[in-house]
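Here is the structure we will look at.
Read-outs throughout are calculated quantities, based only on the coordinates presented, and are distinct from any laboratory measurement. Fair warning: this is a prediction, and the values are worked out from it, not measured in the lab. A quick note on method: Cβ atoms are made from the backbone with ideal geometry, for glycine too, and the neighbour counts reach across all protein chains shown.
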Amino acid sequence: MSLVIVRHGETALNAARVLQPSDTPLGKRGLQQADAVARRLAGAGIVAILSSDLPRALQTAQAIAAATGAPIETTPLLQERNFGAWRGRPYDSLGFDPLTLAGTPPGGESVETFLARVDAGFALAVQRRAGLAGALAIVTHGLVVRAIIERHLALGAFVVPAQVRNTSVTIADATAPHAATLVDCVRHLDDAAAHDTRSLSGG
C-alpha cells in the first residue's frame, strides 16, 4: 500500500505572502481545501495519519481523519523549515528568497539541518507504514513535501514541482525506491477553493 503525502490548506499568511509563525491556523479557503482533500481521500484506504504538529497541518489532518476514521500521530519532524526571526515578515520585503537560502536565518534552521530533519521524518513515515495494513497519509508543509519528492521518491516521468500547491496530493509506493504514482495533484479543488498561485509554497 501507499504513502499519501498532503500539503496543508491555505492560511491567510500564505495568501498574503508572509513567512508564517508556527501557530498560524488555516484560513477560510484553507478549511474548504482541507474538506475537499478529505472527501477525495475518504475512499483511498488510509488507515493512519502522520502529521506535522503545527496547527495548519494538524487542522488538515483532522479533516482527513474525520473522513477516513484514521488516527493521527503528530511529529515535529514534519514541521516547516524554521525561519526564525524572519517569521511574520512579508516575503517580498526581504530583498532575497529565504525559501532557497542555504544559510541560517537568525534563530532558525539551515538548509542542512532542515533536510536532515525531513529525512528523519520520512524514515519515520516509512517505519510507521510498514506496520499497517493500509495506506499512511503524511500531512505536512510545502518545503517538506518538495524535499520528500526531490530526495526520496523515484519520479519516473514526473518532475519536482516548482511550487507545491495547497492540499496537493502526492502518492508513492511505501517501499524503496518509493516510485511516485501521482505528484502535486489538486483535482479535488473546485474554482471556489482553487490554489492561489501567488501564495507562498513554504515558509
Worksheet, complete the sentence: Length-normalised contact order of segment 86-203, Cα under 8 Å, at least 6 apart, in percent, tallies to 20 percent
Worksheet, complete the sentence: Rh_Kirkwood(the chain) over Cα pairs, Å, one decimal, evaluates to 16.6 Å
Worksheet item: For helix 28-41, what angle does its Cα long axis make with the longest principal axis of the chain, in degrees from 0 to 90 and rounded to 10?
Response: 20 degrees
Discussion item. Going by amide H atoms built from the backbone, whose H comes under 5 Å of the H on Gln79, apart from near neighbours?
Written reply: Asp53
Worksheet, complete the sentence: Between Ala176 and Ile72, Cβ-based FRET efficiency (R0 30 Å, step 0.05) works out to 0.75
Worksheet item: Counting other Cβ atoms within 10 Å of each Cβ, which chymotrypsin sites (Phe, Trp or Tyr not before Pro) in segment 54-121 have at most 13 and sit in a DSSP loop?
Response: Phe96
Discussion item. Give me Leu58, Leu132 sorted ascending by neighbouring Cβ count inside 10 Å, so fewest comes first.
Written reply: Leu132, Leu58
Response to the item:
Of the residues Gly108, Gln32, Leu54, the Cα lying farthest along the dipole of the chain towards its positive end, which is defined by charges on the beta carbon of Lys, Arg, Asp and Glu, belongs to Gln32
Practice prompt. Normalising by the residue count of the chain, find the relative contact order in percent from Cα pairs under 8 Å and 6+ residues apart.
Written response: 32 percent
Fill in: Label-point separation, Cys185 to Gln127 (7 Å along Cα→Cβ), nm
3.0 nm
Worksheet item: Against the longest principal axis of the chain, how steep is helix 55-68, in degrees 0 to 90 to the nearest 10, with axes from Cα atoms?
Response: 20 degrees
Worksheet, complete the sentence: Longest principal axis of the chain (C-alpha) makes with the long axis of helix 142-152 (C-alpha) an angle, in degrees to the nearest 10, of 60 degrees
Worksheet entry | Dipole magnitude (debye, nearest 20) for segment 33-89, charges at Cβ of Lys, Arg, Asp, Glu | 260 debye
Worksheet item: Where both partners of a DSSP beta bridge lie in the chain, what percent of those bridges are antiparallel, to the nearest 5?
Response: 40 percent
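How do the peptides 34-40, 100-106 rank, highest first, by the average count of neighbouring beta carbon atoms within 10 Å per residue?
Details: 34-40: 22.0, 100-106: 11.6.
Result, highest mean first: 34-40, 100-106.
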